[in-house]
Amino acid sequence: MTIKLVVVKPFRGFTRGDVITDNAKIASVLAEGHAQSVVRVPAEG
């Protein structure tokens, strides 16, 4: 399943409501310990 991240707490230049769809950015966000600042949702398609 493909996912996207939706920001719920601002961090590293992202603001609440931003959607992260780039796989490299998703991996970076999760690897840097920002998982508590986003929610994972299924990507359309």
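The values are calculated or read from the model by the stated rules, or taken from the named source; none is laboratory data. Note that the structure is a prediction, hence the values are computed from the model and not measured. Virtual Cβ from ideal backbone geometry, glycine too; neighbours counted across all protein chains shown.
Taking residues in the stretch 18-41 that are on the phi < 0 side of the Ramachandran plot, and partners anywhere that are of a type in the set (Phe, Trp, Tyr) and in a strand (DSSP E or B), the pairs with Cβ atoms closer than 7 Å and at least 6 places apart or on different chains are His34/Phe11; Ser37/Phe11. Residue-level check: of (1) loosely packed, with under 13 Cβ neighbours inside 10 Å; (2) in a strand (DSSP E or B), Ala27 misses just (2). Scanning the stretch 9-30 for residues that are more than 20 Å from Glu44 (Cβ to Cβ) and among the basic types (Lys, Arg) yields Lys9, Arg12, Arg16.
Filtering Glu44, Glu32 for residues that are acidic (Asp, Glu) and surrounded by 10 or more Cβ atoms within 10 Å (Cβ to Cβ) leaves a single hit, Glu32. Considering (1) over 10 Å from the mean Cα position of the chain (by Cα); (2) at pLDDT 95 or above, the lone condition that Ala43 does not fulfil carries the number (2).
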